[in-house]
Amino acid sequence: MKTGIGVFIAAFAALGASWAGFVLAPALQLGGTKVTTVLNSTDAYPVQRPGEAALGLQVYRANGCAACHTQQVQQDGTSFEVVLTGAGKDPVSVSNLAAGLKLTGLTKEAADAAAKSLADAGGKTETHLSGTGADISRGWGSRHSVAVDFLYDAPVQPGSLRAGPDLTNIGARAADANWQLVHLYAPRAIVKDSTMPSFAYLFEVRPATGSAEALKLPAGFAAPAGSEVVPTPAAKQLAAYLLSLHADAPLYEAPYSQLAKP
Amino acid sequence: MSEDNQKNCGGNSPGEPAATRSNAPMWIIVATLTLLFLGGVYFDRHSGWFNPRVYAPYQSADQLEAYQPKSGAAAAFAKGKGVYESVCGICHGADGLGKPGMAPPLAGSEWVITKGYNRLSHVPLEGLNGAISVEGKDWTMAMAAMGAALPDDDLAAVLTYIRGSWGNKAGEVTGDEIKKIRADLGKNPAPATSDQLKAMPE
């Protein structure tokens, strides 16, 4: 075969190029990801999940939750808002000027220009940045997900299909262990038209003992009279994991800022 | 059958087609180079040059840096609050009122609401030894040089926060000034005493 060496080199180059692109470049780019700090603070981010929640990741994985739920928020763009925080020596003209300017939903350039014109008039301003996009307007997060969000997850569960809602911040949206457990046991007890399967096999239905762990179920989903539904350790671990899902801190690579709460 | 033909076919039976070479059409070359060029432009504009911190919708490290929320004093103040609560607040209290037997109050302290911040800056940079009188009470517990390990900007931010919170209304502290003060102190300065601090300009 006269062209054998040529075919070998071509095939090697093709596979080598895709290996370099899909394996080598990401490893060089993100392989050194380490703990960072929350923007404008010294708080470490991310923090290790508590032990029960770390075990819950394996329950999440074993039950194939990632087949229907993603853990990645997308962001299409940014939006700036200029807030007047001080009116200076001539409050009337500054507030008149502010009333005549567009101060929300701005580009960076427009926000800088508005802040400058207010500052020139003697006012004090703060400029706030927020993310925009379908996921953010659904309330799934305030910023796009970044690699460091997954630092302590092994394996990571980013998911790729959204039969159910994104879970990046479910621990913040439903910060109640009982809500999580009832929802796992009987999804339609909480969301009427939910298509999520019931994970009843993570719970034990047993003769009532008055246990404090027994689920408080709404009528129609309650256990038969004289019995109670209690979570198994796996269900408790999964609930702890879901409660630990909260990847919403502003970071250097995913900045946003909101008005300080008074 | 000519001899030529036999050679081309590797000596196989006559009439079989032979592989020949021809030039690639010019349009394929042009199209490939155009795609390479457009790919290069796209990469240049969107990749951030493999910078691990640049994600869409940001396009470059410079843009990301420019988009960091900083409203001057407000951002420094927010940062100062974070540093204070993790470093200073454990002893001085998140409310700045101090803790009896441990650390004196910072709210309204005559050591904090000074005109300049030279004297105040020396406390976290050097630490403090011996008794110090704050708001009429003596405090004896020594303070380690808690600020020595903080970056200049963080220390400036936390001092700005202390001087502007809980009713304190002293001015801002800049990182450049802290850098100067730190350079004058040298490495591992001895803890200051109350009298040494009083001898310094405010």
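Nothing in this text is a laboratory measurement; each read-out follows from the coordinates by a stated rule. It should be emphasised that the depicted structure is a prediction, and the values quoted were computed from it without experimental measurement. Positions of Cβ are backbone-derived with ideal geometry, glycine not excepted, and every protein chain shown enters the neighbour counts.
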| said: What does the net charge come to around A:ARG173 if you take all other residues with beta carbon closer than 14 Å to its beta carbon, with K and R at +1 and D and E at -1? | reply: -3
| Mean residue ellipticity (222 nm) of chain B, computed from DSSP H runs ≥ 4 via -39,500 (n - 2.57), nearest 500 | -12500 deg cm²/dmol
| message | What number do you get for region B:18-66 when its Cα radius of gyration is normalised by 2.2 N^0.38 Å, N = residues? | response | 1.88
| remark: Residues whose built amide H sits under 5 Å from the amide H of A:SER227, excluding neighbours closer than 5 in sequence, are A:ALA208
| query | B:ARG182: net charge of surrounding residues, Cβ under 14 Å, Lys/Arg +1, Asp/Glu -1, itself excluded? | reply | -4
| query | What pairs in A:LYS116/B:LYS79; B:LYS99/B:LYS180; B:LYS99/B:LYS198; B:LYS79/B:LYS179; B:LYS115/B:LYS169 have C-alpha atoms more than 20 Å from each other? | reply | A:LYS116/B:LYS79; B:LYS99/B:LYS180; B:LYS99/B:LYS198
| Taking the Cα centre of the protein assembly as shown as the origin and placing charges on Cβ (Lys, Arg +1; Asp, Glu -1), which of A:ALA225, A:ALA239, A:THR36 is farthest toward the positive end of the dipole? | A:ALA225
| field | Convex hull volume per residue in cubic angstrom - Cα atoms of chain A | value | 232 Å³
| field | Cleavage-rule hits, GluC sites (Glu not before Pro), region B:74-181, DSSP coil, Cβ neighbours within 10 Å at most 13 | value | B:GLU110, B:GLU135
| request: Can you check what the net charge comes to around A:ALA249, using other residues whose Cβ is under 11 Å from the Cβ of A:ALA249 (Lys, Arg +1; Asp, Glu -1)? | output: -2
| note | Mean Cβ-within-10 Å packing, highest first, puts peptides A:85-94, B:29-38 in the order A:85-94, B:29-38
| ³J(HN,Hα), Karplus 6.51/-1.76/1.60, whole Hz, each residue of region A:60-70, x for Gly, Pro | 4, 5, 5, 8, x, 4, 5, 5, 10, 10, 8
| said: Residue by residue through region A:119-135, what is 3J(HN,Hα) from phi via Karplus (6.51 cos²θ - 1.76 cosθ + 1.60, θ = phi - 60°)? Round to whole Hz and write x for glycine and proline. | reply: 5, 4, 7, x, x, 10, 10, 10, 10, 10, 10, 9, x, 10, x, 4, 5
| Dipole of region A:20-132, Cα-centred, from +1 at each Lys and Arg C-beta and -1 at each Asp and Glu C-beta, to the nearest 20 debye? | 220 debye
| query | Looking at region A:101-134, which trypsin sites (Lys or Arg not before Pro) are DSSP coil and have at most 13 other C-beta atoms within 10 Å of their C-beta? | reply | A:LYS102
| request: Tell me what chain A gives for mean residue ellipticity at 222 nm when only DSSP H runs of n ≥ 4 count, each as -39,500 (n - 2.57), the sum divided by the residue total, rounded to 500 deg cm²/dmol. | output: -9500 deg cm²/dmol
